[in-house]
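The values are calculated or read from the model by the stated rules, or taken from the named source; none is laboratory data. As the structure is a prediction and not an experimental result, all values here were calculated from the model. With ideal geometry, Cβ positions are generated from the backbone for all residues, glycine too; neighbour counts draw on all protein chains shown.
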């Protein structure tokens, strides 16, 4: 597609439930990033993929968060046992090899009740 | 510990005047700086960037200035237009890390008044 696509755009869930957020990057972009933006804050780094492998997952807040990119394209961010503090906009970005600029999707807004 | 700081949460400017948005950073490893613009319910959109080997980069109405000794950069928009009203994020990366991971500030909400 022309841009980074994220689904769902909005997700409301109950505390304790499992959630999956999907990111479809720009075709041909080998690098993929997940960020989280809480209210009044800038985007905060979660995880970075180069191809299929997670090259840096130092931003994941705890072991309830996990992300995969099995074929080096689409990525899924998985959150187990959601907590109210997980409520945020989850942003995905991709980057062309050799470029410095990340292109972001519109985000998935997660609300945990 | 905020490595990228935007100390002004908001800024109001008259249409046609200059908007100046400021950003400070603390990490000496940062060598590439970007500005992103964000409208409500949309993702951040890349606006302009600058490498640490330069002190100025210009693109149309947008100019970014970098003062490495002060660890400070600024974005100038002139003339400002109502469509420029958005949240502007300053971001930085350290190319030596290889990941091009960005560290963002908290953003400055710019309002351009017609």
>> Six or more apart or on different chains, Cβ atoms under 7 Å: show the pairs whose first residue is in the range A:35-57 and under 14 Å from residue B:38 (Cβ atoms) and more than 7 Å from every other protein chain (Cβ to nearest Cβ) and whose second is in a loop (DSSP other than H, G, I, E, B) and modelled with pLDDT under 95.
In response: none
> Which ones in the range A:85-101 are in a loop (DSSP other than H, G, I, E, B) and either touching a helix residue (DSSP H, G or I) at 6+ places or on another chain (Cβ under 6 Å) or modelled with pLDDT under 95 (or both)?
Replying inline: A:96, A:97, A:98, A:99, A:100, A:101
> In this structure, does residue B:111 turn out to be closer than 22 Å to residue B:12 by Cα, assigned to a loop (DSSP other than H, G, I, E, B), in contact with a strand residue (DSSP E or B) (Cβ under 9 Å, 6 or more places away or on another chain) and touching a residue at least 60 places away in the same chain (Cβ under 8 Å)?
Replying inline: no
> If you check residue A:110 against the conditions, is it assigned to a strand (DSSP E or B) and either touching a helix residue (DSSP H, G or I) at 6+ places or on another chain (Cβ under 7 Å) or over 14 Å from residue A:21 (Cα atoms) (or both)?
Replying inline: yes
> Looking at the range B:16-29, which of its residues are surrounded by fewer than 14 Cβ atoms within 10 Å (Cβ to Cβ) and either more than 27 Å from residue A:44 (Cβ to Cβ) or within 13 Å of chain A (Cβ to nearest Cβ) (or both)?
Replying inline: B:16, B:17, B:18
> How many residues are within 11 Å of chain A (Cβ to nearest Cβ) and either in a loop (DSSP other than H, G, I, E, B) or at pLDDT below 95 (or both) when one looks only at the range B:4-15?
Replying inline: 2
